[in-house]
Amino acid sequence: MSRKRWMGVDLGEARVGLALSDPELTLAHPAGNIEVAGDYFQALDEVIAQVEEAQATRLIIGYPLLLSGQEGRSAKKAKRWVHALQGRMDEYASSGQLAVEPPELVLRDERLTTVSAHRQLSQAGLDGRLHRPKVDQQSAVVLLQAALDEHAEATRSDIG
């Protein structure tokens, strides 16, 4: 049986937060940040390296819709980033430079994940001043865990 791992990706202005699932697709845990200083397009190769290392089969990428559900500037930028990531992975795969099968890329509504991440960090006892370097990866955890929970529910429905 092949083991799967999913990766959560939160595209922030200062850093890209990463989270990984366990191979059973049950729990998400923080997997670090990639510093990007305002341009997360520069993180493409580092994300690909993390995908290869984790052998991720699916990437759940935050899709920052407006509270109204409309697609704003940030959501459009996230779509462009996903398109660029897919293109780069396809390019590497066709030239033999990608050590894994390109993962499925999934945009997922991330409204309020940052709020949830700040709440979780506070509940864990982390001083508010220390949230900034942790919030992107914690947002990736929230995003990924929601996708894992949804997957588990769908799997239970299929079985029952």
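The values are calculated or read from the model by the stated rules, or taken from the named source; none is laboratory data. Values in this document were obtained by computation on a predicted structure and should not be read as measured data. As a convention, Cβ positions derive from the backbone with ideal geometry for all residues, glycine included, and neighbour counts pool all protein chains shown. All accessible areas refer to the heavy atoms of the entire protein, side chains included, with ligands and DNA or RNA removed. Shrake-Rupley method; radii C 1.70, N 1.55, O 1.52, S 1.80 Å.
The table for this structure:
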{"item": "Solvent exposure, largest accessible area first (probe 1.4 Å, DNA, RNA and ligands not counted), of Glu71, Glu110", "result": "Glu71, Glu110"}
{"item": "Met7 accessible area, assembled protein chains, probe 1.4 Å, Å²", "result": "0"}
{"item": "Neighbour net charge for Leu144 - beta-carbon separation under 10 angstrom, K R +1, D E -1", "result": "0"}
{"item": "Nonlocal amide H pairs with Gly32, under 5 Å, H built at 1.01 Å", "result": "Leu18"}
{"item": "Per-pair calculated FRET efficiency, R0 = 25 Å: Thr155 and Lys77 via Cβ, rounded to 0.05", "result": "0.15"}
{"item": "Amide H contacts under 5 Å for Tyr63, placed H, 5+ residues apart", "result": "Arg108, Asp109, Glu110"}
{"item": "Reachable aspartates and glutamates from Lys134, criterion Cα separation under 13 angstrom, eight or more residues apart if same chain", "result": "Asp10, Glu35"}
{"item": "Local electrostatic count, Pro102, Cβ distance below 12 Å [Lys/Arg +1, Asp/Glu -1]", "result": "-3"}
{"item": "Extent along principal axes [Cα atoms of the stretch 1-50; Å; largest to smallest]", "result": "40, 18, 11"}
{"item": "Most to least packed among 22-29, 90-97 [average Cβ atoms within 10 Å]", "result": "22-29, 90-97"}
{"item": "Exposure ranking of Arg111, Arg156 by accessible area [1.4 Å probe, largest first]", "result": "Arg156, Arg111"}
{"item": "Segments 72-78, 13-19 sorted - mean Cβ within 10 Å per residue, highest first", "result": "13-19, 72-78"}
